[in-house]
1. When you check residue 56 against the structure, is it under 22 Å from residue 18 (Cα atoms) and touching a strand residue (DSSP E or B) at 6+ places or on another chain (Cβ under 8 Å), yes or no?
2. If I filter segment 31-48 for residues that are surrounded by 11 or more Cβ atoms within 10 Å (Cβ to Cβ), at pLDDT below 90 and closer than 24 Å to residue 118 by Cα, do I get at least one hit?
3. Write out, first by first residue and then by second, each pair whose Cβ atoms fall under 9 Å of each other, whose residues are 6+ apart or on separate chains, and whose first residue, in segment 59-70, is in contact (Cβ under 8 Å) with a residue 60 or more places away in the chain while the second is crowded, with 16+ Cβ neighbours inside 10 Å and not in a helix (DSSP H, G or I).
4. Looking only at segment 24-44, how many residues end up being over 16 Å from residue 59 (Cα atoms) and in contact with a helix residue (DSSP H, G or I) (Cβ under 8 Å, 6 or more places away or on another chain)?
5. When you scan segment 79-98, do you find a residue that is more than 17 Å from the chain's Cα centre (by Cα), within 17 Å of residue 131 (Cα to Cα) and in contact (Cβ under 8 Å) with a residue 24 or more places away in the chain, even just one?
6. Would you mention how many residues in segment 99-134 are out of contact with any helix residue (DSSP H, G or I) (no Cβ under 7 Å at 6 or more places or on another chain), modelled with pLDDT of 90 or more, within 22 Å of residue 22 (Cβ to Cβ) and surrounded by fewer than 16 Cβ atoms within 10 Å (Cβ to Cβ)?
7. Take the conditions farther than 20 Å from residue 136 by Cβ, surrounded by fewer than 13 Cβ atoms within 10 Å (Cβ to Cβ) and touching a strand residue (DSSP E or B) at 6+ places or on another chain (Cβ under 9 Å) and apply them to residue 81. Does it pass?
8. Within segment 49-60, take every residue that is within 20 Å of the chain's Cα centre (by Cα) and exposed (fewer than 12 other Cβ atoms within 10 Å of the Cβ) and give me the one that is modelled with the lowest pLDDT.
């Protein structure tokens, strides 16, 4: 499969690096476009445009790291920092707005009360995405 436009939502996990590398490989042949986005979720008690400096610094650091990972793959990634109430709808809206062919998400499995859990963002994206979705699971033995 070939993809011209890929959205890679990042959160700062090791899986983000591998998802970015995979996105680079999938777009290399067609010289496609990759967007890496980090969504800062803003509490309802704060205005949506609130500037939370520690979160912004953390997000910018993660996006800079993702750009360097892409550079290692001889690939360009456009990075974007978004603020929203919820990450899932924001990722889906961003994918629709940019008319991407694929959302490529790096995921780490979590255990919630002893049960396997993907959280709330991944299921939302899988259910509502306007395009294909690939989940990249970072396996750590």
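The values are calculated or read from the model by the stated rules, or taken from the named source; none is laboratory data. Given the structure is predicted, the values throughout are model-derived calculations rather than measurements. Reconstructed Cβ throughout: ideal geometry from the backbone, glycine too, with neighbour counts over all protein chains shown.
1. Taking the combined requirement at face value, the residue does not satisfy it.
2. Scanning segment 31-48, I find no residue that is surrounded by 11 or more Cβ atoms within 10 Å (Cβ to Cβ), at pLDDT below 90 and closer than 24 Å to residue 118 by Cα, so the answer is no.
3. Matching pairs, first to second residue: none at all.
4. 4
5. no
6. Selection size over segment 99-134: 4.
7. No: the conditions fail for residue 81.
8. 54
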